[in-house]
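One structure is given here, and the rest of the page talks about it.
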Amino acid sequence: MNRHLTLLTLCSLLAAPAYAWVPKLEDTTAKNVIDGAYGRRDPVATYLTVDLSVKGGAFVGGKDAVTAFDGGAACVADWLAAPDDFTKGSRPAQLTVSGQADQLYFQAQDARNNFQNLSVKAALAEDSASRRLPDGQLRVDIGVRGLPGEKARGAYLVRLKGPDGKLIAPVRSTYVNDFKQEGGTWSGTLVYYFEPLKAGLGASDTVPLLLRTEADTDCAYQIPLDLGKFS
């Protein structure tokens, strides 16, 4: 009986999808993503979302979703105690990490919705590739709530922490055109682009993302991003 259970467990592990962020699309990943978009197989996980909202005094994303990098444990405790109190600064609400595979998924969906077939060859052609992220870039979207104004979007500081502890700045940053005013504060999505491999990070590593809001405080937060959970 134990042997039978062991075999079942082993088979389950072998059957489970194995992911790692794909810095540069190749034939196999492209085919799997396209086939998933067309319904020819189960969809491939092409992004990771971390829920930073608070319910019942805890992060929905788990107790280790956010820890204090600077400013002490009180920074996180204050966030958990009053997630909708923006007098001490805005709050990140959700974080999404993605790469080229996610953009290919949307391209494939668009082709399907327009009654077209997207081949792997066409998807990897230079014309298509030029409309996606450059090779080696990782995109991080951060949904924020409670900004005092639109100008405060540029006051956020976001870094990745490398294996040697070095802080890695984004190669560029922007924001989605979704910002709106609610009750005197602003909410919307900030976007950052990183090149983790150049800093010695691996495509399946768990990478610490460090974040300071626009607030004039010592508080800085650390959020782990598991690159091994999506392609």
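The values are calculated or read from the model by the stated rules, or taken from the named source; none is laboratory data. Fair warning: this is a prediction, and the values are worked out from it, not measured in the lab. Please note: Cβ atoms are built from the backbone with ideal geometry, for glycine as well, and neighbour counts cover all protein chains shown.
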Kindly provide the set of residues from segment 177-191 that are surrounded by 12 or more Cβ atoms within 10 Å (Cβ to Cβ) and either part of a strand (DSSP E or B) or within 18 Å of the chain's Cα centre (by Cα) (or both), ordered by number.
Gln181, Thr185, Trp186, Ser187, Gly188, Thr189, Leu190, Val191
Could you tell me how many of the residues in segment 85-103 are assigned to a loop (DSSP other than H, G, I, E, B), in contact (Cβ under 8 Å) with a residue 24 or more places away in the chain and surrounded by fewer than 18 Cβ atoms within 10 Å (Cβ to Cβ)?
1
Condition check for Lys151: surrounded by 14 or more Cβ atoms within 10 Å (Cβ to Cβ) and either within 18 Å of the chain's Cα centre (by Cα) or not small (Gly, Ala, Ser) (or both)
no
Selection within segment 118-174 - in a helix (DSSP H, G or I) and among the polar types (S, T, N, Q)
Ser128
Considering only segment 131-167, state which residues are over 30 Å from Asp85 (Cα atoms) and aliphatic (A, V, I, L, M).
Leu133, Leu138
Phe106 - would you say it is within 20 Å of the chain's Cα centre (by Cα), modelled with pLDDT of 95 or more, closer than 30 Å to Gly184 by Cβ and among the hydrophobic types (A, V, I, L, M, F, W, C)?
no
Assess whether Ala65 counts as being over 30 Å from Ala129 (Cα atoms), modelled with pLDDT of 95 or more, under 19 Å from the mean Cα position of the chain (by Cα) and part of a strand (DSSP E or B).
no
Residue, surrounded by the most Cβ atoms within 10 Å (Cβ to Cβ), within segment 192-231, restricted to residues that are in a strand (DSSP E or B) and aromatic (Phe, Trp, Tyr)
Phe194
